[in-house]
Ligand code: ADP
Ligand code: MG
């Protein structure tokens with residue numbers, strides 16, 4: 001009997017498939033089971049319109065049968081089957097398979113692209129088998145046929161005896177090689193595991209004969225092998241169930257079973273969407289941050305199912321970066337099973353789902369913020385940083401979306417407040433949203449720069465994380481109120497009499513010029529301070545880069561030595577100022593220099609910035625004391 005040849009492109013694809021380094025060989029079973037399920041679906045749909053067919057649920061199942069002695073694995077189904085022609089057309093030409101067809105020949109060059117293009121499909125069987133037999137009897141047909149192939153050298157189709165309608169796929173499992181173990185695909189427990197992992201939610205029963213050791217009689221010590229037919233999959237996925245029938249515990253169990261995290265979920269979102277796009281999803285917000293969350297190893301994404309079949313473990317396209325902490329799964333009937341990573345990115349359905357999910361997550365967080373503040377703060381303490389990164393990311397592209405979810409520590413409330421809460425607590429004459437930066441709330445509270453603003457009774461937001469100020473610079477304003485650092489030039493406070501300050505600056509011009517001279521290259525200017533009350537000096541920054549930003553930027557690996565334009569502000573009402581003024585008036589240059597350096601270094605220390613020469617600084621202090 002003459003061998004039929006695969007179509008040219010199929011042959012090449014087959015070679016690539018078999019020899020590819022595709023790491024998860026176990027997915028072949030997912031593919032075969034999914035085809036079996038499709039075949040049963042076809043009868044199911046036929047029965048809907050064809051009265052001559054009755055769909056009796058119990059007649060339809062899939063069975064997986066390993067045989068160690070024969071070294072075969074059989075996947076049987078009672079689905080629609082294939083005629084002789086269908087065997088030739090469906091299995092002989094890869095280009096025919098699935099909903100995709102070859103786009104152009106050049107894409108054939110790289111094996112990975114190919115597998116990506118087509119999913120794995122029926123041919124995945126050749127990853128684990130030397131020979132594949134497909135014995136099939138089509139619905140309404142009297143004859144059955146056997147399709148047989150050892151891979152790229154072609155295939156044969158011959159008549160065969162088969163009792164019922166349906167398909168048996170028999171794989172002759174490969175011998176173990178030096179670096180591959182194929183025996184596992186003959187082990188009951190392993191097969192069961194693979195089925196549970198990928199096909200648990202197939203809606204037809206997947207049966208296996210499972211052998212266990214059991215006592216011979218009730219009171220007997222002696223154990224014998226007992227074989228029972230078991231349904232391995234659970235069939236009804238939790239996400240297809242009605243929310244009202246499910247308890248928190250059910251969701252927690254699902255979270256654990258799926259190993260979404262080692263913790264418990266803080267909250268879950270269960271979506272059954274039945275609109276222009278249909279999908280079910282269960283999403284979780286974890287209670288604690290994963291240990292690898294801020295490492296390169298962390299990969300965001302949701303599990304993606306196409307009609308109950310897992311097609312991707314981590315579909316990153318479903319989650320925006322700012323919600324990368326969300327775990328869970330999405331199942332949609334509107335997605336093709338054979339869709340590849342590259343294709344997914346362009347998939348319209350998937351984009352719609354992603355958009356929808358993004359909205360739902362935000363709504364859920366807002367709900368939590370409104371109704372369960374304690375829980376929200378718990379969440380925010382774990383993942384708030386990611387939201388702030390999100391607001392900063394891509395030049396503030398998502399800031400509108402995220403700003404209502406942000407919280408900062410308030411000088412007045414002594415706890416986290418939202419921007420909205422800040423705004424509603426603003427004083428009538430208040431122009432800005434004030435903030436101060438530092439390493440800890442304690443240290444920020446003691447910053448000289450906060451004195452005036454706090455004294456005037458304005459609330460100050462304390463920023464202690466490196467991302468805070470960057471995020472806020474991106475947001476720029478909230479409800480038409482601009483953010484203002486307490487260290488910035490114009491604080492917009494009526495109380496500070498600008499005219500007076502200008503006059504004073506003029507008055508001490510010579511003195512400040514002299515101080516500036518000593519601090520060449522270190523500060524841009526020396527000025528009278530509007531914001532100091534009890535402290536003698538502080539630093540502030542002109543321009544876009546604040547002192548805090550300088551710290552953050554310089555701590556980065558690719559330090560570009562970005563410097564803030566520092567201004568040394570002097571409290572002219574402080575008696576230390578009188579001392580330096582006296583030194584200036586008596587033209588004591590030595591003393592002037594000494595005092596200037598001490599004041600400058602003090603200002604650096606208060607700011608948490610390093611001083612250039614600590615030894616010189618302590619020597620200076622000693623000089624003053626002596
Ligand atoms: P896809 O499932 O995307 O169509 P596959 O390579 O998995 O691609 O399968 C190719 C075709 O072979 C299927 O479309 C189907 O027509 C046929 N087929 C495969 N397995 C079975 C089966 N168990 N019963 C009936 N038809 C099958
Ligand atoms: Mg398939």
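Before moving on, here are some points about what is shown:
- With respect to (1) touching a residue at least 60 places away in the same chain (Cβ under 8 Å); (2) farther than 27 Å from residue 413 by Cβ; (3) buried (at least 20 other Cβ atoms within 10 Å of the Cβ), the lone exception for residue 487 is condition (2).
- Counting only strands (runs of 3 or more DSSP E) wholly contained in region 297-412, the ones carrying 1 or more residues that are away from ligand 2 (no atom under 16 Å from the Cβ) and not assigned by TED's automatic domain parsing to the domain that holds residue 253 occupy 407-410.
- Single unsatisfied condition, residue 554 versus (1) part of a loop (DSSP other than H, G, I, E, B); (2) free of Cβ contacts under 8 Å to residues at least 60 places away in the same chain: (1)
- First in region 37-61 and farther than 28 Å from residue 230 by Cβ, second anywhere and in a helix (DSSP H, G or I), Cβ under 9 Å, 6 or more apart: 53/43; 53/46; 53/47
- Scope region 234-249; condition free of Cβ contacts under 8 Å to residues at least 24 places away in the same chain and farther than 21 Å from residue 309 by Cα; matching residues: 244, 245, 247, 248, 249
- Filtered by the rule that a residue be away from ligand 1 (no atom under 16 Å from the Cβ), assigned to a loop (DSSP other than H, G, I, E, B) and either surrounded by 14 or more Cβ atoms within 10 Å (Cβ to Cβ) or not assigned by TED's automatic domain parsing to the domain that holds residue 163 (or both), region 56-80 gives a lone residue, 71.
- Flag for residue 276 being modelled with pLDDT under 90, in contact with a helix residue (DSSP H, G or I) (Cβ under 8 Å, 6 or more places away or on another chain) and assigned to a loop (DSSP other than H, G, I, E, B): yes
- Unique residue being away from ligand 2 (no atom under 16 Å from the Cβ), part of a strand (DSSP E or B) and modelled with pLDDT under 90 when the list is 131, 180, 221, 214: 214
- Output for region 588-614, where each listed residue is crowded, with 18+ Cβ neighbours inside 10 Å and more than 27 Å from residue 442 (Cα to Cα): 592, 594, 595, 596
- Hits in region 482-508 (condition: in contact with a helix residue (DSSP H, G or I) (Cβ under 7 Å, 6 or more places away or on another chain) and either closer than 30 Å to residue 294 by Cβ or at pLDDT 95 or above (or both)): 483, 486, 487
- Qualifying residues in region 23-43 (those that are more than 16 Å from ligand 2 (Cβ to nearest atom) and crowded, with 17+ Cβ neighbours inside 10 Å) - the one modelled with the highest pLDDT: 43
- If you go through region 410-442 and keep only what is crowded, with 17+ Cβ neighbours inside 10 Å and within 21 Å of residue 538 (Cβ to Cβ), you end up with 411, 432, 433, 434, 435, 436, 437, 438.
- Identity of the residue in region 414-424, free of Cβ contacts under 8 Å to residues at least 40 places away in the same chain and outside any helix (DSSP H, G or I), that ends up farthest from the chain's Cα centre (by Cα): 414
- Applying the set (1) away from ligand 2 (no atom under 16 Å from the Cβ); (2) surrounded by 22 or more Cβ atoms within 10 Å (Cβ to Cβ); (3) modelled with pLDDT of 95 or more to residue 149 leaves exactly one unmet item: (3).
- Scanning region 512-531 for residues that are within 45 Å of the chain's Cα centre (by Cα) and within 19 Å of residue 574 (Cβ to Cβ) yields a count of 2.
- Checked against (1) surrounded by 18 or more Cβ atoms within 10 Å (Cβ to Cβ); (2) in contact with a strand residue (DSSP E or B) (Cβ under 7 Å, 6 or more places away or on another chain), residue 375 meets all criteria but (1).
- Members of region 575-626 that are more than 53 Å from the chain's Cα centre (by Cα) and in a loop (DSSP other than H, G, I, E, B): 586, 587, 588, 626
The values are calculated or read from the model by the stated rules, or taken from the named source; none is laboratory data. Keep in mind that this is a model prediction, so the values were computed, not measured. Here Cβ is always computed from backbone atoms with ideal geometry, including for glycine, and neighbour counts include all displayed protein chains.
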